[in-house]
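Step one of this worksheet: look at the structure below.
The values are calculated or read from the model by the stated rules, or taken from the named source; none is laboratory data. Every value quoted in this text rests on a predicted model; they were computed, and no experiment measured them. Every residue, glycine as well, gets a Cβ built from its backbone with ideal geometry; the counts of neighbours run over all protein chains shown.
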Amino acid sequence: MSDHMLVAEYRDGSWRDVAIRPYGPLPLSPVISGLQYGVTIFEGLKAYRQPDGSVALIRPAANARRLNLSAARMSIPELPEALFLEGVRALVSLDRLWVPPHGQGALYIRLSVFSIDESMRVKPAERFALNIVSSPFSAYYAAPVDVLVTDRFVRAAPGGTGGVKPAGNYGPTLVADAQARDLGCDTVLWLDARERRYVEECGVMNVFFVIGDEIATPHLSGTILPGVTRDSAITVLRDEGHVVRERPIAIDEIVRAHDQGRLRECFGTGTAATLAHVRSIRYRDREIVLPPIEARPIAQTVRERLTAIMQGTASDPHGWLDRLPNV
Ligand SMILES: Cc1ncc(COP(=O)(O)O)c(C=O)c1O
């Protein structure tokens, strides 16, 4: 982790005591409802070193908005967007030496908001803590992944919290991931909870398919996290003149498309990896092996465009970069 962390507290109806401190443990009561009942939400975003040595955050306002969607769903007070943005900017500016050199990775920034009410009762809390920490990631292009379609476990159900980011969405996925690894896969391709038929997400990434001439990704049905990278990928594809359809995608359709030789590409998108190719999809007794990575122009376009914009080697037509003053 980098040298510093930002902390703040919410009490008596407002956020206060914002401070940047050396990174270290938090003194917490064992009965806070953040721990006892999972009243905890989080966000993650990256900062990239630009060619001139300056540092830029990637779409921080999108993460600030999503944090507040999570907050609303989890009975957590809103975090003012200015506090999110100024807090991240101040912390990353202070720890700017931790941002890897241009082209060699990024700084990952993690925000958590959780209840610090000490109460055994399950009830809306009144006190909350914010912390922001960061950690450098070396440059990596996520290796292609083999995925297992699980129809035993589900990630998110209608009316639940799959469309936002409470910490509690993640622990229950680990058993499914372990099952995938036991079967020689890297992660899980999640299906919808109701019919176990429609593809939703790929591990902790949104998922895209190229079927014949169509680029498709599951529509945001409420059980899918609206990924910032998903939105960026759709935007760069549309900028390049492609049509991207957001629609229900049944797993049978994927199997059929493969059998007909029309399944050309599959990839996941997310802040951590930017883009990861799916090499194969295992579903019941079928193993669907996708075309070689070299034959996947759509994913290549997305990866190259997003990387160039984030690293500052291409123009930024949508204003995604939030450049920190060069001190
Ligand atoms: C479940 C899930 N889906 C998708 C994503 C990708 O979202 P983003 O592109 O905003 O990182 C993430 C990561 O935040 C995630 O946790």
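Name the single residue, out of those in segment 257-280 being over 14 Å from VAL149 (Cβ atoms) and assigned to a helix (DSSP H, G or I), that is farthest from the ligand (Cβ to nearest atom). It comes out as ASP259.
Taking segment 198-214 as the range and being crowded, with 21+ Cβ neighbours inside 10 Å and away from the ligand (no atom under 11 Å from the Cβ) as the test, the residues that pass are TYR198, VAL199, PHE208, PHE209, VAL210.
Among the listed residues GLN50, GLN36, identify the single one that is farther than 30 Å from ILE309 by Cβ, in contact (Cβ under 8 Å) with a residue 24 or more places away in the chain and of a type outside the set (A, V, I, L, M, F, W, C).
GLN36
Counting only residues that are in contact (Cβ under 8 Å) with a residue 60 or more places away in the chain and out of contact with any Pro (no Cβ under 7 Å at 6 or more places or on another chain), segment 288-298 holds 2 of them.
Inside segment 260-272, can you point out the residues that are surrounded by fewer than 21 Cβ atoms within 10 Å (Cβ to Cβ) and either within 10 Å of ARG303 (Cβ to Cβ) or over 11 Å from the mean Cα position of the chain (by Cα) (or both)? Answer for segment 260-272, where residues must be surrounded by fewer than 21 Cβ atoms within 10 Å (Cβ to Cβ) and either within 10 Å of ARG303 (Cβ to Cβ) or over 11 Å from the mean Cα position of the chain (by Cα) (or both): GLN260, GLY261, ARG262.
Per the conditions (1) farther than 25 Å from PRO27 by Cβ; (2) assigned to a strand (DSSP E or B); (3) within 16 Å of the ligand (Cβ to nearest atom), the sole criterion not satisfied by ALA62 is (2). If we scan segment 52-59, do we find a residue that is within 13 Å of the ligand (Cβ to nearest atom), within 18 Å of the chain's Cα centre (by Cα) and not hydroxyl-bearing (Ser, Thr, Tyr)? Yes, segment 52-59 contains at least one residue that is within 13 Å of the ligand (Cβ to nearest atom), within 18 Å of the chain's Cα centre (by Cα) and not hydroxyl-bearing (Ser, Thr, Tyr). State yes or no: is GLY222 more than 16 Å from the ligand (Cβ to nearest atom), assigned to a loop (DSSP other than H, G, I, E, B) and at pLDDT 95 or above? No. Here the condition is being without any contact (Cβ under 8 Å) to a residue 12 or more places away in the chain and in contact with a helix residue (DSSP H, G or I) (Cβ under 8 Å, 6 or more places away or on another chain); of ALA308, ALA314, ALA233, it holds for ALA314 alone.
Can you name every residue in segment 124-136 that is part of a loop (DSSP other than H, G, I, E, B) and in contact (Cβ under 8 Å) with a residue 60 or more places away in the chain?
ALA125, GLU126, ARG127 - these are the residues of segment 124-136 that are part of a loop (DSSP other than H, G, I, E, B) and in contact (Cβ under 8 Å) with a residue 60 or more places away in the chain.
Quick check: anything in segment 162-177 more than 13 Å from the ligand (Cβ to nearest atom), over 20 Å from the mean Cα position of the chain (by Cα) and surrounded by fewer than 19 Cβ atoms within 10 Å (Cβ to Cβ)? Within segment 162-177, none of the residues are more than 13 Å from the ligand (Cβ to nearest atom), over 20 Å from the mean Cα position of the chain (by Cα) and surrounded by fewer than 19 Cβ atoms within 10 Å (Cβ to Cβ).
Scanning segment 89-114 for residues that are of a type in the set (A, V, I, L, M, F, W, C) and assigned to a strand (DSSP E or B) yields a total of 6. Evaluation of PHE84 against the conditions (1) closer than 23 Å to ALA308 by Cβ; (2) within 15 Å of the ligand (Cβ to nearest atom); (3) over 16 Å from the mean Cα position of the chain (by Cα) shows that the sole unmet condition is (1). Note on segment 192-210: residues that are under 22 Å from GLY163 (Cβ atoms) and either more than 18 Å from the chain's Cα centre (by Cα) or of a type in the set (Asp, Glu) (or both) total 10.
Results for (1) out of contact with any Asp or Glu (no Cβ under 7 Å at 6 or more places or on another chain); (2) in a helix (DSSP H, G or I); (3) modelled with pLDDT under 95, shown as yes or no for each residue.
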position	(1), (2), (3)
GLY160	yes, no, no
GLY163	yes, no, no
LEU174	yes, yes, no
LEU189	yes, no, no
ARG196	no, no, no
PHE208	yes, no, no
ARG230	yes, yes, no
ALA233	yes, yes, no
GLY241	yes, no, no
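ASP17 falls short of the stated requirement of being at pLDDT 95 or above and part of a loop (DSSP other than H, G, I, E, B).
When we screen ASP285, ASP239, ASP231 for residues that are within 11 Å of the ligand (Cβ to nearest atom) and surrounded by fewer than 21 Cβ atoms within 10 Å (Cβ to Cβ), the only hit is ASP231.
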